[in-house]
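Worksheet: one structure, shown below.
The values are calculated or read from the model by the stated rules, or taken from the named source; none is laboratory data. For clarity, every value in this text was computed on a predicted model and none was experimentally measured. Cβ atoms come from the backbone with ideal geometry, glycine included; neighbour counts cover every protein chain shown. The accessibility values were calculated without ligands, DNA or RNA, using every heavy atom of the protein model including side chains. Shrake-Rupley method; radii C 1.70, N 1.55, O 1.52, S 1.80 Å.
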Amino acid sequence: MRRAIRAYAPELLLVALIVLAAMWSSTLSPYFLNAVNLLNSAQFFVIFALMAFGLFPVVVQGEIDISLASTLAVGAVLMAKMSVAGIPLLVGLAITLAATAVLGAVNGVLVAHFGLPSLAVTLGTLGAYRGIAYLIAGDAGVTGITPDYLLLGSSWVGIVPSSVILALVVAAGFWVLMGRTAFGRYSYAIGASPGAARMAALPVRRIRVSAYALAGAMAGLAGLVWVSQYQSARGDNADGAILFVLTAVVLGGVSIKGGTGKTEGVLLATILLGTIQTGMQLANVPGTSQRLVVGALLIASIGAPRVVHLARHAWTTSRRRLSPTAVAQD
Amino acid sequence: MTGDPRPPRLRISRVSKHFEAVRALHDVSFDLAPGEVHALVGENGAGKSTLVGVITGLLEPDGGEVVLNGRPVHFRNPLQARAAGVAAVYQDPNLFPHLSVAENIATGRYPTSGPFLDRTTMVAQARARLEDLGFPLDPEQLVAGLTVAETQFVEIARAVDEDLQLLILDEPTSALTPGEASKLYDVVERLRAEGTTVIWISHRMEEIRELADSITVLRDGEHVRTAPAAELDDAEMIRLMVGRSVVLEQVARTEPLGPPRLEVENLTDPGVFEDVTFSVAEGEIVGVAGLVGAGRSEIAQAVFGLSPHLSGEVRIDGEPVVPRGPAAMVERGVAYLPEDRDAEGVIASMTIASNIALPSIRSLSRAGFMLRRKERELAARERTALSIKGEIDDLVSSLSGGNRQKVALARWLATEPRVLLLDEPTHGIDVGTKAQVHDMMRELARVRRMAILMVSSDLPEVLAVSDRVLVIARGRLVADLPIAEATSERILTHATAGAAR
């Protein structure tokens, strides 16, 4: 029991924080704590959740991808264009996923095969992919999306929005991927020790490129959700969303240095961030201040392990200093 | 304790230290006299490193105290210890690679003129100190370009200053050539003459004999004995260390050798090694001796597919293979145990089971999904076979060096290799585990019919385990000696003769 609590301590903490955030939100609006309302708010975080799941294995491997919001924009405008061109939904989705996976794989190849630092590489493609999205969409963006492309954002299963179900299915998929497959095992090994992974003859480059391609495809899938919810697509879609996405991943307990983190944590952190953001909207906090809060949370979650470590050290030191033998020494 | 009016240089008094449930030091007490060389010996996990940590302020003891020159001290970090004249030099030098030798030596005490760094003085001081110690180093050279031995000299030069009271050297010669080691002996003898006390931690009997005035033996975190060096002979010292007597002995091979398993012809990696040709037969253990930096590890790594600029031919069981990468070589039945156990041999933050399964994941998964029961069975089997301490769900970080090495070996044995490349397989491992590893190697070669290539700087080990000894000097194979003709003297002669241009 104790062992289980210890193993899931970060997740339990997230659950507690979600409850607190929900209580705060419910004091702001009597409508907040209502199943239908909660689920309808949740669908606006599906886009972030899909991107966070995609980013998760990349961070576990000790790398980063900040270009994903631009990849989403490419995915969204591609989907919109194909909808307008009359291409059936599934064909359009397949093409979009393939294209965004290629964009992700380009990042992966630059990082894994050319040994370039992932932050710099994906900062470059953040700009480049955004440019591609503008080129495809044109200045005015794309509107007049056909109903089949809108279905995901405008249908419910019972009281649950379809896109929320999609996010949960994807979460389950990542739980299996990271916990039960060779890819997951390789990812944790590579993140924990790239040198040892190479010496153990693991296909390090292939696994890295796969993770980036998967992250790109997840951003493409998020692009579909975007089009279905906003019924249009433009080159500047989701600009800046990477802040929220990376915060969700790190807040979920995935070490920015790689090697650790669970799918459950990423899901819970996304829910927590969603609850906080919804609460801030109810409290009429301006959008700029919301970004300040999310940014501060990112730094706090990166800093938390360090703070815990220092606090623990200070605690043991002070206990020592108070013990009789130590006093006698001084 | 006696009527000596001088207080001991350092008194360790009833020091204890626990890590969670593990008892690293228990009620350890002994004295170090001023101006003596004091050897600290014990198996891995005996508590030597912990004790050094406690002395230098890296670790806080749970109980007991450290008394320097009659006054209890309570260093909170190694910087405070250094200010009080207590310095430690570790096996793995801890320097700034992008800075020059002089800058490294002056770290924290940069000479300045006004707000500016006084480079001229800094370089002059460093040069004077290096010359004084007899280390032939250019103070303006970057540390990144130095050999391991040279970086160690820089560390020592940094530690040695006027008011040095106590210098701790943790396995200082493990990466040094005999010539470099004797230079270090000279420095230690000079420090002793000047009244500095030196703690010398080592696994090598011959250097303890040569240098130590007194010896302290630790075992399982407890103080076993402190005695003048003359009162402890080698056999007694080993017996105190392990609690039983251990000898590295040859075990005669009765099984015949098979056909060549690994053949290497004209293997060349420009600037690293050239024109190396040898073979290892089924059931044979071939030792690779030579000086550090001669290119021995690089040859083993090249066979494992880690050298991009390789030419020459490699054959496994008669079939030519191109060592394009580790994955390809593992598929051909080659395994490589790296020297740097913690950075490359194991993943300390993962469990024993995950570590053992790592290179076998392809055969432990179906359509990409892990077969968890098979994985656990495999891990449990290898754990038992190699008598690894700890459960398969324990983290490797909780194991001692010897057990980590067993995990690193177990993961490869699980792939059932035909050719096993071992790079310093017992580096930094205690005497007892060492003998176990040797027995294991013999069984792998003789019973499981593997071809084993063992790179080792430990000559008694090379002589005890090998069927044949290759000597590498300056990237060339200079001798191929049957074990009957191999002696320490002959190997060293080849290794050093080849080293002189």
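Condition test on residue B:173, is it assigned by TED's automatic domain parsing to the domain that holds residue B:47, in contact with a helix residue (DSSP H, G or I) (Cβ under 6 Å, 6 or more places away or on another chain) and within 30 Å of residue B:495 (Cα to Cα)?
Values: assigned by TED's automatic domain parsing to the domain that holds residue B:47: yes; in contact with a helix residue (DSSP H, G or I) (Cβ under 6 Å, 6 or more places away or on another chain): yes; within 30 Å of residue B:495 (Cα to Cα): yes.
Spelling it out, residue B:173 is indeed assigned by TED's automatic domain parsing to the domain that holds residue B:47, in contact with a helix residue (DSSP H, G or I) (Cβ under 6 Å, 6 or more places away or on another chain) and within 30 Å of residue B:495 (Cα to Cα).
When the residues of the stretch B:268-296 are narrowed to those that are among the aliphatic types (A, V, I, L, M) and open to solvent by 40 Å² or more (accessible area, probe 1.4 Å), which ends up farthest from residue B:339 (Cα to Cα)?
Step one: of the stretch B:268-296, the residues among the aliphatic types (A, V, I, L, M) are B:272, B:276, B:280-281, B:285-286, B:288-289, B:291-292, B:294.
Next, only the ones that are open to solvent by 40 Å² or more (accessible area, probe 1.4 Å) stay: B:272, B:292.
Working: B:272: 18, B:292: 12 Å.
Taking the candidates together, the pick is B:272.
The rows are residues; the columns are (1) open to solvent by 30 Å² or more (accessible area, probe 1.4 Å); (2) under 24 Å from residue A:272 (Cβ atoms).
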{"position": "A:217", "(1), (2)": "no, no"}
{"position": "A:227", "(1), (2)": "no, no"}
{"position": "A:238", "(1), (2)": "no, yes"}
{"position": "A:257", "(1), (2)": "yes, yes"}
{"position": "A:262", "(1), (2)": "yes, yes"}
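What are the residues in the stretch B:9-65 that are within 24 Å of residue B:190 (Cβ to Cβ), part of a loop (DSSP other than H, G, I, E, B) and among the hydrophobic types (A, V, I, L, M, F, W, C), if any? Can you show your working first?
Narrowing the stretch B:9-65 to residues within 24 Å of residue B:190 (Cβ to Cβ): B:9-10, B:31-41, B:52, B:55-56.
Restricting the remaining residues to those that are part of a loop (DSSP other than H, G, I, E, B) gives B:9, B:33-36.
Passing the criteria: only B:33.
Criterion first (at pLDDT below 95 and either surrounded by 21 or more Cβ atoms within 10 Å (Cβ to Cβ) or in contact with a Ser or Thr (Cβ under 6 Å, 6 or more places away or on another chain) (or both)) does residue B:265 satisfy it?
Working: at pLDDT below 95: no; either surrounded by 21 or more Cβ atoms within 10 Å (Cβ to Cβ) or in contact with a Ser or Thr (Cβ under 6 Å, 6 or more places away or on another chain) (or both): yes.
No.
Output the strands (runs of 3 or more DSSP E) that fall wholly within the stretch B:441-486 and possess 1 or more residues being open to solvent by 10 Å² or more (accessible area, probe 1.4 Å) and either under 20 Å from residue B:408 (Cα atoms) or assigned by TED's automatic domain parsing to the domain that holds residue B:288 (or both), or say none.
Filter on the stretch B:441-486 gives B:468-473, B:476-482.
Does residue B:28 fit the bill of being surrounded by 21 or more Cβ atoms within 10 Å (Cβ to Cβ) and within 14 Å of another protein chain (Cβ to nearest Cβ)? Even if it seems obvious, please write down each step before you answer.
Values: surrounded by 21 or more Cβ atoms within 10 Å (Cβ to Cβ): yes; within 14 Å of another protein chain (Cβ to nearest Cβ): no.
It is false that residue B:28 is surrounded by 21 or more Cβ atoms within 10 Å (Cβ to Cβ) and within 14 Å of another protein chain (Cβ to nearest Cβ).
Looking at A:220, A:195, A:216 in this structure, which one is within 8 Å of chain B (Cβ to nearest Cβ) and in a helix (DSSP H, G or I)? Break it down into steps so the answer makes sense when it comes.
Details: A:220 fails: within 8 Å of chain B (Cβ to nearest Cβ); A:216 fails: within 8 Å of chain B (Cβ to nearest Cβ).
Every option except A:195 fails the conditions.
Which one of A:132, A:136, A:159, A:190 is among the aliphatic types (A, V, I, L, M), in contact (Cβ under 8 Å) with a residue 24 or more places away in the chain and closer than 30 Å to residue B:363 by Cβ?
A:190
Looking only at the stretch B:349-366, count every residue that is within 10 Å of chain A (Cβ to nearest Cβ), open to solvent by 30 Å² or more (accessible area, probe 1.4 Å) and in contact with a Ser or Thr (Cβ under 9 Å, 6 or more places away or on another chain) and tell me the total.
Here is the first cut: in the stretch B:349-366, the ones within 10 Å of chain A (Cβ to nearest Cβ) are B:349-350, B:354-355, B:357-362, B:364-366.
Add one more test, that the residue is open to solvent by 30 Å² or more (accessible area, probe 1.4 Å), and what stays is B:349, B:362, B:366.
With in contact with a Ser or Thr (Cβ under 9 Å, 6 or more places away or on another chain) added as a condition, the list becomes B:349.
Matching residues across the stretch B:349-366 total 1.
Give A:150, A:126 a once-over and let me know the one that is away from chain B (no Cβ under 14 Å) and open to solvent by 50 Å² or more (accessible area, probe 1.4 Å).
Result of the check over A:150, A:126: A:126.
With the condition kept exactly as written, say whether any residue in the stretch B:413-428 is touching a Lys or Arg at 6+ places or on another chain (Cβ under 7 Å) and open to solvent by 30 Å² or more (accessible area, probe 1.4 Å). Can you show your working first?
Let us first name the residues in the stretch B:413-428 that are touching a Lys or Arg at 6+ places or on another chain (Cβ under 7 Å), namely B:418-419, B:426.
So of that shortlist, the ones also open to solvent by 30 Å² or more (accessible area, probe 1.4 Å) come out as B:418.
The answer is yes; a qualifying residue exists.
Have a look at B:418, B:404, B:442, B:449 and point out the one that is in contact (Cβ under 8 Å) with a residue 12 or more places away in the chain, among the basic types (Lys, Arg) and within 19 Å of residue B:355 (Cβ to Cβ). Before you say what the answer is, go through the steps one by one.
On the way: B:418 fails: within 19 Å of residue B:355 (Cβ to Cβ); B:442 fails: within 19 Å of residue B:355 (Cβ to Cβ); B:449 fails: within 19 Å of residue B:355 (Cβ to Cβ).
Among B:418, B:404, B:442, B:449, only B:404 is in contact (Cβ under 8 Å) with a residue 12 or more places away in the chain, among the basic types (Lys, Arg) and within 19 Å of residue B:355 (Cβ to Cβ).
I need the helices (runs of 4 or more DSSP H) fully contained in the stretch A:9-107, keeping only those with at least 2 residues that are surrounded by 24 or more Cβ atoms within 10 Å (Cβ to Cβ). Before you say what the answer is, go through the steps one by one.
Working: elements: A:9-28, A:35-42, A:46-60, A:68-84.
Here the list reads A:46-60, A:68-84.
Among the residues of the stretch B:231-262, write down those that are at pLDDT below 75 and of a type in the set (Val, Ile, Thr).
B:242, B:246, B:247
Only one of these conditions is not met by residue B:397: (1) among the polar types (S, T, N, Q); (2) free of Cβ contacts under 8 Å to residues at least 40 places away in the same chain; (3) more than 20 Å from residue B:465 (Cβ to Cβ). Which number is it?
All conditions pass for residue B:397, except number (2).
State which residue is surrounded by the fewest Cβ atoms within 10 Å (Cβ to Cβ) when the search covers only the stretch B:367-397 and only residues that are more than 14 Å from residue B:350 (Cβ to Cβ) and within 12 Å of chain A (Cβ to nearest Cβ).
The extreme case among them is B:367.
Would you be able to say whether some residue in the stretch B:87-99 is open to solvent by less than 10 Å² (accessible area, probe 1.4 Å), farther than 26 Å from residue B:340 by Cβ and either touching a residue at least 60 places away in the same chain (Cβ under 8 Å) or touching a helix residue (DSSP H, G or I) at 6+ places or on another chain (Cβ under 8 Å) (or both)? Steps first, answer last, please.
Let us first name the residues in the stretch B:87-99 that are open to solvent by less than 10 Å² (accessible area, probe 1.4 Å), namely B:87, B:89.
When the remaining residues are screened for being farther than 26 Å from residue B:340 by Cβ, the result is none.
Checking the stretch B:87-99: not a single residue is open to solvent by less than 10 Å² (accessible area, probe 1.4 Å), farther than 26 Å from residue B:340 by Cβ and either touching a residue at least 60 places away in the same chain (Cβ under 8 Å) or touching a helix residue (DSSP H, G or I) at 6+ places or on another chain (Cβ under 8 Å) (or both).
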